[in-house]
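This report refers to the structure that appears directly beneath it.
The values are calculated or read from the model by the stated rules, or taken from the named source; none is laboratory data. None of these values were measured; they are calculated from a predicted model. Positions of Cβ are backbone-derived with ideal geometry, glycine not excepted, and every protein chain shown enters the neighbour counts.
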Amino acid sequence: MKMIILIVKDSEADALTRALTSAEYRVTRIASTGGFLRSGVATLLIGVEDAQVDSAIKLVRETVTASGSAEKRATLFVVPVARFEQV
């Protein structure tokens with residue numbers, strides 16, 4: 001299992017959350033601040049099976065680049081999950 005940590009502008013977070021949940025990924029959204037001007041960003045936590053990592057990243061790329069801008073619009077990290085439980 002992997003955890004995708006995705007940091008995007010606040011304005012991108014709604015579209016990404018909708019796209020990911022429509023594709024049946026579980027998403028947790030955390031409001032955060034960061035960047036040069038301490039602008040509003042959102043951190044999305046997406047837990048996926050190893051085989052889903054590439055398709056989830058592809059969906060993120062398609063969603064954030066839909067506006068046609070060449071600007072970098074998201075930062076993501078893929079980290080291994082040693083243990084997962086729902087209590």
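Of the residues Arg73, Arg61, only one is of a type in the set (D, E, K, R) and modelled with pLDDT under 90; which?
Arg73
What residue, of Val41, Val81, Val53, Val48, is touching a Gly at 6+ places or on another chain (Cβ under 8 Å) and modelled with pLDDT of 90 or more?
Checking each option against the conditions leaves just Val81.
Which of the numbered conditions does Ser32 fail, given that it passes all the others? Conditions: (1) more than 14 Å from Ile5 (Cα to Cα); (2) at pLDDT below 90.
Ser32 satisfies every listed condition except (1).
If a residue has to be part of a helix (DSSP H, G or I), within 16 Å of Phe77 (Cα to Cα) and within 13 Å of the chain's Cα centre (by Cα) to count, how many in the stretch 21-57 make the cut?
Qualifying residue count for the region: 5.
Please specify each residue of the stretch 35-54 satisfying the condition of being exposed (fewer than 13 other Cβ atoms within 10 Å of the Cβ) and on the phi < 0 side of the Ramachandran plot.
Phe36, Leu37, Ser39, Glu49, Asp50, Ala51, Asp54
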